[in-house]
1. Which is free of Cβ contacts under 8 Å to residues at least 40 places away in the same chain and not aliphatic (A, V, I, L, M), of B:Gly5, B:Gly105, B:Gly31?
2. Quick test for you: out of C:Lys109, C:Lys84, pick the one residue that is within 30 Å of B:Lys49 (Cβ to Cβ), out of contact with any helix residue (DSSP H, G or I) (no Cβ under 6 Å at 6 or more places or on another chain), assigned to a helix (DSSP H, G or I) and not hydrophobic (A, V, I, L, M, F, W, C).
3. Tally time: how many residues in region B:132-165 are free of Cβ contacts under 8 Å to residues at least 60 places away in the same chain and over 23 Å from B:Glu44 (Cβ atoms)?
4. How about region B:211-251: which of its residues are assigned to a helix (DSSP H, G or I), within 11 Å of another protein chain (Cβ to nearest Cβ) and surrounded by fewer than 20 Cβ atoms within 10 Å (Cβ to Cβ)?
5. On the given criteria, is B:Pro14 in a loop (DSSP other than H, G, I, E, B) and farther than 19 Å from B:Val164 by Cα?
6. Condition first: under 27 Å from B:Ala29 (Cβ atoms), within 14 Å of chain C (Cβ to nearest Cβ) and open to solvent by less than 30 Å² (accessible area, probe 1.4 Å). Can you find one or more residues in region B:106-127 that meet it?
7. Could you tell me which residue of region A:41-64 is farthest from the chain's Cα centre (by Cα), considering only residues that are at the interface with another protein chain (Cβ under 7 Å from one of its Cβ atoms), farther than 22 Å from A:Ala21 by Cβ and assigned to a helix (DSSP H, G or I)?
8. If you go through region B:313-332 one residue at a time, how many are surrounded by fewer than 15 Cβ atoms within 10 Å (Cβ to Cβ), touching a residue at least 40 places away in the same chain (Cβ under 8 Å) and out of contact with any Phe, Trp or Tyr (no Cβ under 7 Å at 6 or more places or on another chain)?
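The values are calculated or read from the model by the stated rules, or taken from the named source; none is laboratory data. Just so it is clear, the structure is predicted and the values come from calculations on it, not from any experiment. When we count neighbours, we look across all protein chains shown, and the Cβ atoms used for this are built from the backbone with ideal geometry, even at glycine. The protein model used for the area step is the full one, side chains on, heavy atoms only, and it has no ligands, DNA or RNA in it. Shrake-Rupley method; radii C 1.70, N 1.55, O 1.52, S 1.80 Å.
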Amino acid sequence: MDGLICIIGQILIDKTKLTPARILVIFVTTGAILGGLGVYQYLVDFAGAGATVPLTGFGYNLAKGAIEATQQMGLVGSFVGGVKAAAGGIAAAVFFGYLAALISKPKMKKQ
Amino acid sequence: MERIGKQTIKFNNPPTILECASIVGPKEAQGPLAKYFDQTLEDEFWGEKTWEKAESKIIKETVNTVISKSGVPSEKIDYMFAGDLLNQCISSSFGLRELNIPFFGVFGACSTFVESLSLGAVFVESVAENVLCATSSHFCSAEKQFRFPLELGNQRPPTSQWTVTGSGAAILTKNGSGPYITNITPGKIVDMGIKDGNNMGAAMAPAFADTLIAHFKDTGRNPSYYDAIISGDLGYVGKEIVIDILKSKGYNIKSNYNDCGILIFDKASQDTHSGGSGCACCGTVFSGYFFKQLKEKKIKKMLLIATGALMNSTTSQQGESIPGIAHAISIEI
Amino acid sequence: MDPLETKKTYQDYVDKKSPNSPIIKNCFNAFWVGGLICTIGQIILNICKERGFDTSTSGTIVSILLIGISAFLTGLNLFNKIGKFAGAGSLIPITGFANSIVSPAMEYKSEGYVMGVGGKMFTVAGPVLVFGISTSILIGIIYLIFNTQSITLV
């Protein structure tokens, strides 16, 4: 499943002039919208990690968290839920990112 | 000197290129021209903490090399012209701050080497005895400023070019015995609307064609007058385009035209896509390779046209097109 | 034909003249590398579930581990080689998000540990968070406004 999502991404890279950051934004937003519409849930049920590991899954996670929290807390939940659901990933990225920068230096690409 | 035609300057007492020097990075050291450079580096930091410092050190040492090779003491050098790609030309100004020579910072993107030589030649013909011209670029500092972090796992499209790490420097003198700079044709800014920052060759090719045709019209020369017509960094994509453009305007340059960006790397084994680019591409290939060919009289008349893409990272984010420029100098023995 | 007649003719001419990316090869590599990364994710997910974690906690653990691995590979100067080979295969999974945070952090280390590493960390990945989080808030608000069964699919 993820392979197919990656092929869509690869076609975007090769056929358009989009930068990697823009492609990531498109995927996370698409994932969140599909998650909000409830469509992405079917993909997750079907493919497991194949649908949650791509960045669309990150978006789905944000949307799902927002909806669940809204059900419980109302408007405050809309603000709290998304980040709460994705907190582990974001915190890990910040922490490991800083750690990697502490211990290593960028190197010349050989090719 | 006098103006001939629309934009070319002809020298009556042509300045001599007395000496050249070049230092290149490790990737260039694996390329086909490796043996022509004065020094090749083992790593791109060269003992410095940052790439910006490394680039400053490269231009500084290249200038020191050309001064010691030429035998002209630095007190006898009247002016220097230098520039690079980093914001506000800091590689040149930081690298050359201890030299104690009056300094003009020059920016012409990758056309800087020829721009410096042109201005230097005008100074030598008028007021100066010896003038130093230099330029540098560094793959890592350029990627950082213009594109993405080095460790980002992105793919480079086939039209993209590889910024040369290195520096080229030359000393011009008044009373020498050649090779002489006989004409300069400063180029106009030409923008044909190309926006793709990964296709610099296509963005700069129209400027190259414009300057080359202006040079032929002003001097009354034709392509066969020269043993070699050499562009700075148009790469494989740009080379094909300019041959086509020139053909459509009635000039055939196919037999004696080549590009420094093509010469410096081996495309097949070094995976450099469309070829080399950067100020140092033209700077090192001329200083290392062509200057020696001229000295050994293997090439007697050459036209060196360095091309530059006059953009920065802000303009490309704002979706602006890329204006190109090309400056030409004819060098004869 | 004169390619420089107008900007339009030149752009068309350049498009024709420029080599294209090897899209079939790239897609193939993206497909199997992306698939492999998700298979690793699935294996971690299954192990977590066996150990008694619920689905959403297991998913979080998968994310954290894959992000950690990706950060580690970036730190070893290896991720860009994988990325060059696999393209979207390593960009689209959460590994690409991690790489886009770690790589500027390393790059700007030369500008110091606070404004360099700390400040520039989100130069590439910042928009992902901005758009992702904003969309999630909008979805929450829309859900609140149209609180009907048709949207309650979670």
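1. B:Gly105
2. Step by step, each of C:Lys109, C:Lys84 is checked, and only C:Lys84 is within 30 Å of B:Lys49 (Cβ to Cβ), out of contact with any helix residue (DSSP H, G or I) (no Cβ under 6 Å at 6 or more places or on another chain), assigned to a helix (DSSP H, G or I) and not hydrophobic (A, V, I, L, M, F, W, C).
3. Adding up the residues that qualify gives 1.
4. Selection gives B:Ile213, B:Glu240, B:Ile243, B:Asp244, B:Lys247, B:Ser248.
5. Against the criterion (in a loop (DSSP other than H, G, I, E, B) and farther than 19 Å from B:Val164 by Cα), B:Pro14 qualifies.
6. Within region B:106-127, not a single residue is under 27 Å from B:Ala29 (Cβ atoms), within 14 Å of chain C (Cβ to nearest Cβ) and open to solvent by less than 30 Å² (accessible area, probe 1.4 Å).
7. Per the stated criteria, the residue is A:Gln41.
8. The total comes to 2.
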